[in-house]
């Protein structure tokens, strides 16, 4: 079934439901549309190959400087939460 047919049937169904159910559908559709239109989080932004390579080089330098958390440290931190 194509999108046009589905939309038509949904319209027909919505004409038949009571207001409480219509409010539920309205809330669900609103949440779905808002979620799809949110900008991606900063860590998910698209990068060029050069930007990605620089990110990886920066991370390597942080590791070389000892700027990281070991698994043991992370476990201890998690126990304190």
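Derivation of every value follows stated rules applied to the coordinates shown; laboratory data play no part. Remember, predicted model here, so these are calculated numbers, not experimental data.
When the expected Rg is taken as 2.2 N^0.38 Å, what fraction or multiple of it is the alpha-carbon Rg of the chain?
Computed over Cα atoms of the chain, the ratio equals 2.07.
Quick one: angle between helix 3-16 and the longest Cα principal axis of the chain, in degrees between 0 and 90, rounded to 10, please.
60
So, in Å, what gap is there between the alpha-carbon centers of segment 6-31 and segment 35-74?
Taking the Cα centre of segment 35-74 as reference, the centre of segment 6-31 is 42 Å away.
What angle, in degrees between 0 and 90 and rounded to the nearest 10, separates the Cα long axis of helix 49-64 from the longest principal axis of the Cα atoms of the chain?
Helix 49-64 sits roughly 50 degrees off the main axis of the chain.
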